[in-house]
1. Would you be able to tell me the number of residues in the range 342-358 that are assigned to a strand (DSSP E or B) and either surrounded by 18 or more Cβ atoms within 10 Å (Cβ to Cβ) or not assigned by TED's automatic domain parsing to the domain that holds GLY382 (or both)?
2. Is it true that VAL207 is part of a loop (DSSP other than H, G, I, E, B), surrounded by fewer than 21 Cβ atoms within 10 Å (Cβ to Cβ) and on the phi < 0 side of the Ramachandran plot?
3. Counting only residues that are in contact with a Ser or Thr (Cβ under 6 Å, 6 or more places away or on another chain) and assigned to a helix (DSSP H, G or I), how many does the range 91-109 have?
4. Tell me which residues, restricted to the range 138-181, are free of Cβ contacts under 8 Å to residues at least 60 places away in the same chain and polar (S, T, N, Q).
5. Just wondering, is there one or more residues in the range 132-149 that are of a type in the set (A, V, I, L, M, F, W, C) and modelled with pLDDT of 95 or more?
6. If you go through the range 291-306, how many residues are among the hydrophobic types (A, V, I, L, M, F, W, C) and part of a loop (DSSP other than H, G, I, E, B)?
7. Where the second residue is of a type in the set (Lys, Arg) and not in a strand (DSSP E or B) and the first is closer than 19 Å to VAL295 by Cα and lies in the range 370-389, which pairs have Cβ atoms under 9 Å and are six or more apart or on separate chains?
8. Which one of these is modelled with pLDDT under 95, more than 17 Å from ALA281 (Cβ to Cβ) and either loosely packed, with under 14 Cβ neighbours inside 10 Å or among the small types (Gly, Ala, Ser) (or both): ALA396, ALA339?
Amino acid sequence: MTYPLHLDVSGRRVLVAGGGPVAARRARDLADAGADVLVVAPALCEDLRDLLPRVRWEAREVEPADVAGAWLAHTATGDPAADAAVAAAAEALHVWCVRADDAAASSAWTPVVVRREEVTVSATAGGDPRRATALREALSRWLDSGAAPLRRTRPGPGRVTLVGGGPGEVDLLTLRGRRRLAEADVVVVDRLAPTDVLDELDPAVEVVDVGKTPDHHPVPQEEINRIVVGHALAGRRVVRLKGGDPYVLGRGGEEVLACRAAGVDVEVVPGVTSALAVPAAAGIPVTHRGLARSVTVVSGHEEVDGDALARVEGTLVFLMGVTMLPRIAAALLAGGKPATTPVAVVENGWRAGQRTTRGTLADIADLAAERGVRNPAVIVVGAVAALGAEMASGAAFPYRPHS
């Protein structure tokens, strides 16, 4: 039976005997923990050399006297007699010693460790390396899944994390986004965020709904900034959960600036932007060899520069532009874009009720009106908009960009 313990080695001397890959792993972890690492070995492997000058090196064979002054010793010389001599010296001086060559002869052991910032989980595997690897992988998945109880119970400094929730499905959230949600005290959420993930939160987490719909913003952006900053200044961990990506027409930049101005620690976790993911859900690649080598993302809330956009040779993607669709099409046609240019409007991408309406610049506005197309939707203009249908049907691709 062993007694598990985490050690604060910051500023304390630790002896690492050996210059090979095992010694390199030990020395790196110790240096990361702030230890004063002394490596004693006639030669160093490349990984250990990369650690210089974070660790000190004495180019010679290790001696039992090297243990004096150390708080901890690691032996990995490859010579059992040398390792045993160091371990014996450590025992005499009441210094814990980890022997890489013989776990049974050690007085201390290095566990499997998984770290996620301030959370550290360690486990022993009874000297079984394969079981240790499996444990580490399982613990990593658990911490990253959002299922681990990561929320603080003691007071601490507040912070804000802007989490891009992707196009709507919970399993399109990033692992870091799930982890930040598991740590949150307050979640400020948009209408298009993956709201099903809220069911997984601790019941004590406060959820603030600031959802917007086109032309209806019950909570203005300035008030959202105030809510986010206010909770953080009160010592809470705030997640601002947004649809798509915070920095792609998501006003994330404004929220970051508000946090910086208030002295609040802020982090941005990117998400899968709907500008790329929603067309993909409909089988539309926004770039495709021979058809489109670039993609331009445009806000659909405002008047567009039809002359400039009509000259763009790649794909045009308009976000939240259903209301403006007749004006967008008219502006592009007036700017010289061919009337036969394919257009696809994808509603509710990755959600229940996903639907795609296809046409051309000449008729897409009428087709969308006839079908009752509504936001949330992504509009794709360009050759690839037809490619989605052809990929699904297997037919030959008929359209070539206007030259």
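The values are calculated or read from the model by the stated rules, or taken from the named source; none is laboratory data. None of the values given here were measured: they were computed from a predicted structure. Counting neighbours? That spans all protein chains shown, and the Cβs are built from the backbone with ideal geometry, glycine included.
1. Summing the residues that are assigned to a strand (DSSP E or B) and either surrounded by 18 or more Cβ atoms within 10 Å (Cβ to Cβ) or not assigned by TED's automatic domain parsing to the domain that holds GLY382 (or both) in the range 342-358 gives 9.
2. Details: part of a loop (DSSP other than H, G, I, E, B): no; surrounded by fewer than 21 Cβ atoms within 10 Å (Cβ to Cβ): yes; on the phi < 0 side of the Ramachandran plot: yes.
Spelling it out, it is not the case that VAL207 is part of a loop (DSSP other than H, G, I, E, B), surrounded by fewer than 21 Cβ atoms within 10 Å (Cβ to Cβ) and on the phi < 0 side of the Ramachandran plot.
3. Residues that pass the stated criteria total 0.
4. The answer is SER140, SER145, THR153.
5. no
6. 2
7. VAL381/LYS337; ALA383/ARG400
8. Criteria check complete, one pass: ALA396.
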